[in-house]
Amino acid sequence: MSDLDIDLADCAIVTFEMQRGIAGDLFTMPVIREAILESGIIDHLARLFGPMRKAGVPVIHQCVGRRPDGHGTYMNMPYTNKHAADLKGSEKAQRLVLGNEGTEVIPEIYDESDIIVRRLHGVSGFHDTGLDSMLRSLGKNTIILTGSSVNRGITGTTIEAINRGYHVVLPREGVSGYPLDYARLMLEHSLQQIARVVTVDDLLALL
């Protein structure tokens with residue numbers, strides 16, 4: 001039994017950008033892929049998601065993509081601007097176009113029962129994605145937030161979830177960032193002040 005005051009009946013798991021074009025075999029951002037491999041996040045999430053699904057906890061994947069014409073995707077962030085410029089004209093530039101394989105959830109953590117919501121722009125899982133209405137339709141007020149990366153998306157999604165009244169739980173082995181020491185410091189000194197930071201084993205002990 002666990003001493004954590006977390007009601008799994010109130011929880012939904014949300015992943016951020018755990019898709020083939022970022023976290024998987026079709027990656028286009030090496031620094032993110034390297035952090036994911038070094039952290040072992042994929043194995044940790046696979047170990048967590050299976051039992052959670054069996055317990056009735058829904059899994060929602062928030063995946064980024066862009067339209068072929070680029071409409072709806074703003075080039076107003078230095079990191080993504082440089083990334084787009086580096087890939088311009090290459091095959092890799094097409095991997096995150098909607099409908100292409102890079103927008104698919106990595107198979108290690110995906111199940112047909114999972115829900116997918118998509119984003120064209122921004123650094124939060126809530127920005128123009130329908131995630132908020134999906135969670136409310138499921139009657140869930142607590143988010144177990146996972147994925148990549150603490151540098152932008154996990155932090156942005158945590159803050160937006162708190163702003164909307166959700167409780168956020170972050171399994172420390174279930175999120176990654178780069179460098180790994182920075183991710184650890186972010187969890188310890190920033191995210192822990194607004195979210196519940198636990199371990200994967202803590203969550204599994206709730207079952």
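Where a number appears in this text, it was derived from the coordinates with a stated rule and is not lab data. Being a predicted model, the structure only gives us computed values, none of them experimental. Cβ sites come from the backbone with ideal geometry, for glycine too, and all protein chains shown count toward neighbours.
Observations on the structure shown:
- Against the empirical 2.2 N^0.38 Å (N residues), the range 8-204 has a Cα radius of gyration ratio of 0.96.
- Rounded if a/c under 1.5, otherwise prolate or oblate - the range 44-89, Cα gyration tensor axes: prolate
- Rounded to the nearest 10 degrees, the angle from helix 30-39 to the longest Cα principal axis of the chain is 20 degrees.
- Peptides 67-77, 115-125 ranked from most to least packed give 115-125, 67-77, packing being the mean of other C-beta atoms within 10 angstrom over each peptide's residues.
- Where trypsin sites (Lys or Arg not before Pro) fall in DSSP loop in the range 1-94, at most 14 other Cβ within 10 Å: 88
- Two-site FRET efficiency, residue 193 against residue 75, from Cβ-Cβ distance with R₀ of 30 Å, rounded to 0.05: 0.40
- Karplus 3J(HN,Hα) series, Hz, for the range 94-106 with 6.51 cos²θ - 1.76 cosθ + 1.60 (x for Gly, Pro): 8, 5, 9, 6, 3, x, 8, 5, x, 8, 7, 5, 4
- Point-charge dipole on Cβ atoms (K/R +1, D/E -1) for the chain, about Cα centre, debye to 20: 620 debye
- The phi torsions of the range 151-164, fed into the Karplus equation with coefficients 6.51, -1.76 and 1.60 and a -60° offset, translate into couplings of 4, 9, x, 5, 5, x, 5, 4, 4, 5, 5, 4, 4, 8 Hz, rounded to whole numbers, with Gly and Pro shown as x.
- Percent RCO, i.e. relative contact order, over the range 8-204, from Cα pairs under 8 Å lying at least 6 residues apart: 29 percent
- Chain lengthening between residue 111 and residue 137 when straightened (0.36 nm per residue, less Cα-Cα): 7.3 nm
- Under-5 Å amide H pairs with residue 19, H placed in peptide plane, nonlocal only: 24, 106
- The angle between the Cα long axis of helix 78-87 and the main principal axis of the chain comes to about 50°, on a 0 to 90 degree scale.
- Other-chain or far-sequence residues with amide H under 5 Å of residue 116's (modelled H): 61
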